[in-house]
Amino acid sequence: MNTFLGIGKRFLQQYYEKTGHGVFLKIQRLRKEIPKDESNTAEKPTKLAIGVEGGFQTDEKRFEFEEKTSIVVLPQWYEVPFPSDKISDQLQLSATMILMAEDAAKQEEAAAMAGTWEGEKLRVSKHAENLLQLEPAKKIPPSGWKCERCGLTTNLWLNLTDGSILCGRRFFDGSGGNNHALEYYQEVKYPLAVKLGTITATSADVFSYDEDDMVEDPYLAKHLAHFGINIAALEKTEKTMTELEIDINQKIGEWDVIQEAGSQLKPVSGPGYTGMRNLGNSCYMNSVMQVLFNIPDFQRRYFSAADQIVTNAPNSPSSDFNTQMTKLAAGLLSGIYSKN
Ligand SMILES: [Zn+2]
């Protein structure tokens, strides 16, 4: 209660001997499993996003925690439950303030909440405002389109400069078009095209070849009117790029593979079998750390030598690289944190 450093029980005696600080606030967290809500059936995502409504869903929260607090005094390991009137006002106040502070668990929860991905926001194309539209304008019929080069009747893109209708890219799985719209752009450099069949009064897939991305065209109604197309009269007949991406993500089963859906996984626990939680895009770092701590040299340096590192730690271990690596090593390799 002097330095406000958090220390696990295993290193408490050592810390006391080193510093002479012997009064601690003990926080014990008891894990309780939350019963699974079986009525919650998985719905097909409608949005290329993670963890938000309509997107791909991550695992629900499985546990909740109950906290028990007490004051522990070394070297006798004398323990008094907190709160209690046996504790001095100053200590009472100090402990209360610590418990009120935003603790790591709460921050982690907040990070998990933030661990969602809303999908990519479209940017307004820089070509939209002053787009060149050739005169005399072609008149485009409201349906019955086909690729001017290969006759394909689906996955067609209308170039907003000259009204040419050409097929889209071939996808890596062989579906899609014959790349004619892209090839045409490389010849003429007319930057914007809209996917026919995705146009409704409120939305449409517009691609900018120059910006190499899906974009927003705030003047789309005007750009289409140039070719005699009344945006309000069009119906959606083709899948949008987002819908196609969702299909592909589901078809390839990438999401299910990541989640290991359907496989009977045997839970393992103990030394070396402790996992790390994803704090929101930290899974890459987690996997690197797990690889490193499987290397015997790393285990010797940071796990076998833990006592020595903790004993020799500077007064501010939270900013000491060795101490923090040791802490991580203990977490991953001791097995204390993955009991079943
Ligand atoms: Zn074509």
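The values are calculated or read from the model by the stated rules, or taken from the named source; none is laboratory data. Treat the numbers as computed from the prediction; the structure is a model and nothing was measured. Every residue, glycine as well, gets a Cβ built from its backbone with ideal geometry; the counts of neighbours run over all protein chains shown. Protein only, heavy atoms only, side chains kept; ligands, DNA and RNA dropped before computing areas. Shrake-Rupley method; radii C 1.70, N 1.55, O 1.52, S 1.80 Å.
Values as computed for the structure displayed
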| read-out | value |
| --- | --- |
| Residues satisfying the stated conditions in region 301-340, i.e. over 30 Å from the mean Cα position of the chain (by Cα) and hydroxyl-bearing (Ser, Thr, Tyr) | 304, 311, 316 |
| Output for region 280-315, where each listed residue is open to solvent by 70 Å² or more (accessible area, probe 1.4 Å) and modelled with pLDDT under 85 | 281, 315 |
| Flag for residue 199 being free of Cβ contacts under 8 Å to residues at least 60 places away in the same chain, buried (at least 18 other Cβ atoms within 10 Å of the Cβ) and away from the ligand (no atom under 16 Å from the Cβ) | yes |
| Subset of region 122-157 (residues that are touching a helix residue (DSSP H, G or I) at 6+ places or on another chain (Cβ under 9 Å) and part of a strand (DSSP E or B)) | 156, 157 |
| Verdict on residue 176 being crowded, with 16+ Cβ neighbours inside 10 Å, free of Cβ contacts under 8 Å to residues at least 60 places away in the same chain and more than 10 Å from the ligand (Cβ to nearest atom) | yes |
| Qualifying residues in region 285-335 (those that are β-branched (Val, Ile, Thr) and either in contact (Cβ under 8 Å) with a residue 60 or more places away in the chain or not in a helix (DSSP H, G or I) (or both)) - the one farthest from residue 275 (Cα to Cα) | 311 |
| Within region 142-157, considering residues that are within 19 Å of residue 237 (Cα to Cα) and buried (at least 16 other Cβ atoms within 10 Å of the Cβ), the one nearest to the ligand (Cβ to nearest atom) | 147 |
| Residues that are within 10 Å of the ligand (Cβ to nearest atom) and either in contact with a helix residue (DSSP H, G or I) (Cβ under 8 Å, 6 or more places away or on another chain) or in a helix (DSSP H, G or I) (or both), drawn from region 158-173 | 166, 167, 168 |
